[in-house]
Amino acid sequence: MAMQITNENYQEVLASGKPVVIDFWAEWCGPCRMIAPIVEELAAEYEGKVVVTKCDVDSNDEIAAQYRVRNIPTLVFIKNGEQVDKHVGAITKDALKAKIDALL
């Protein structure tokens, strides 16, 4: 299951030493709800290897601002504490899996 990332636990998540995927979303966003099951499936599949998180932009605007998230869904890929990739908009499971595999 994807972990909820917040302004409060953000630094702790990045300090895990594992690659991190942040799914920036909002409850009212149709495309966000469309990719949510894909994100959850891959969170389970990569458990222990990659930290897959969800960040509600309405509640955690500091993180969204840090990554310059202007549209959602936006997926940010972090390795060694640095952003290495970003995808804006809906994404297929295969395409998301390829981006996660590139983190490993």
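The values are calculated or read from the model by the stated rules, or taken from the named source; none is laboratory data. Not measured: the values here are computed from a predicted model. Glycine also receives a Cβ, built like all others from the backbone with ideal geometry; neighbour counts cover every protein chain displayed. Calculation scope for accessible area: heavy atoms of the full protein, side chains included, ligands and nucleic acids excluded. Shrake-Rupley method; radii C 1.70, N 1.55, O 1.52, S 1.80 Å.
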> Which is surrounded by 14 or more Cβ atoms within 10 Å (Cβ to Cβ), acidic (Asp, Glu) and at pLDDT 95 or above, of ASP85, ASP101?
Replying inline: ASP85
> List the pairs whose first member sits in region 27-39 and is over 16 Å from LYS99 (Cα atoms), whose second member is open to solvent by less than 30 Å² (accessible area, probe 1.4 Å) and modelled with pLDDT of 95 or more, and whose Cβ atoms are under 7 Å apart, counting only residues at least 6 apart or on separate chains?
Replying inline: CYS29/PRO73; PRO31/PRO73; PRO31/GLY89; CYS32/ALA26; CYS32/PRO73
> Can you tell me which residue in region 51-61 is farthest from TYR10 (Cα to Cα), limited to those that are open to solvent by less than 40 Å² (accessible area, probe 1.4 Å) and in a loop (DSSP other than H, G, I, E, B)?
Replying inline: VAL57
>> For region 1-50, give me each residue that is surrounded by fewer than 20 Cβ atoms within 10 Å (Cβ to Cβ) and aromatic (Phe, Trp, Tyr).
In response: TYR10, TRP28, TYR46
> Can you pull out the residues in region 69-94 that are free of Cβ contacts under 8 Å to residues at least 40 places away in the same chain and either within 13 Å of the chain's Cα centre (by Cα) or over 20 Å from PRO19 (Cβ atoms) (or both)?
Replying inline: ARG70, ASN71, GLN83, VAL84, ASP85, LYS86, HIS87, VAL88
> Filtering region 62-79 down to residues that are in a loop (DSSP other than H, G, I, E, B) and touching a strand residue (DSSP E or B) at 6+ places or on another chain (Cβ under 7 Å), which residue is surrounded by the most Cβ atoms within 10 Å (Cβ to Cβ)?
Replying inline: PRO73
